[in-house]
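Heads up: the structure comes next, in structure tokens.
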Amino acid sequence: MESREDKSISDLEEEIFHKFRDFMTGITKIDTLGIAGSRLLSGFQQALEFIGRPPIDTNSKFVDKIIVANETKRVKAYVNSGCRKLNETIQSVTNCKYDSLFFFGGNKFKKMVAKEILNELEGLLGDVTNAIQITRGNLLPLSDLDFDVELNEQATYNDLEEKDALSHSQSPDVTKKSTDITHLAKVMAFIYSMVRQDYLMQEKIVSALDLKISSEELESYCQMWSLRPFINDEIVQRAWEHIH
């Protein structure tokens, strides 16, 4: 017959793994939003490059002959304007910037913005931490968890390796179950720290968008957005292996 303590641990495991699945689903959602944001940023970059492109070189004899041969009112106006419809392009860039800002804080898609998902991830992490505290007292409070990615990245990866080795070499017992759910909470804390820093980076990039931004700086922003320097993809992939 299952003891009261065993039943409590079993219930705890079910709750923790359910919240862990929800947490990882949230990671997928925020990744999807990041990809959408990358497309917006690339659109902003392309429009800005269009504004900054040099006009047609009318000093070129070959180009001049083409213009003279097709010298309509429309072509003249286009050449005189610097070979671009400036007002439309500026409007396009401005709209792209506002779309990016809307992506992070708009009301129309409030349930899908990155900030709200990030808050949900933090809430799930807090729920898991509290559940373990109440039942076993095996994990530090959320505020005491170390969120320093640089210091803990290798330790977290090593811990994932160790847990996987244990799961293949030992039969589960009560002690190991408790250790596993504590481990999952630590993994959640680490991944939350990574995505939070990635979000803050993206937020700063969006706030820095301006029509006067240099092409070099904007290219660096695009590269950082795509690189996601705070995210260790291998750790995230290893975390997915805990989803059954």
**OP:** Provide the packing ranking of 193-202, 232-241, 22-31, i.e. peptides ordered by the mean count of other C-beta atoms within 10 Å per residue, highest first.
**Re:** 193-202, 22-31, 232-241
**OP:** Starting from the Cα of Val79, step 7 Å along the direction of its Cβ; do the same at Gln133; then give the gap between the two resulting points in nm.
**Re:** 7.4 nm
**OP:** Go ahead and run the numbers for FRET between Thr28 and Ile51, Cβ-Cβ distance against an R0 of 51 Å, rounding to 0.05.
**Re:** 0.90
Original post:
What ranking of Val206, Val68, Val75, Val128 emerges when the number of other C-beta atoms within 10 Å of each C-beta is taken as an exposure proxy, fewest first?
Top reply: Val68, Val75, Val206, Val128
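Kindly flag which residue pairs out of Lys29/Lys212; Lys76/Lys212; Lys29/Lys186 have an alpha-carbon separation exceeding 30 Å in this structure. Kindly include the intermediate steps, with their values, before the conclusion.
Numbers: Lys29/Lys212 32 Å; Lys76/Lys212 28 Å; Lys29/Lys186 21 Å.
Long pairs (Cα-Cα over 30 Å): Lys29/Lys212.
Gain in length, Glu116 to Gln237, computed as 0.36 nm per residue apart minus the alpha-carbon separation, to one decimal in nm?
Details: separation 121, 0.36 × 121 = 43.56 nm, distance 2.31 nm.
Additional length available on full extension: 41.3 nm.
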Original post:
What is the order of Phe50, Phe230, Phe62, Phe44, fewest Cβ neighbours within 10 Å to most?
Top reply: Phe62, Phe50, Phe230, Phe44
Original post:
Excluding Phe23 itself, what net charge comes from residues whose Cβ is under 12 Å from its Cβ, given Lys and Arg +1 and Asp and Glu -1?
Top reply: -1
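Read-outs: derived from the displayed coordinates by stated rules, not from any lab. This one's a predicted model, so the numbers in the text were calculated from it and none came from an experiment. So basically every Cβ, Gly included, is an ideal-geometry build from the backbone, and we count neighbours across all protein chains shown.
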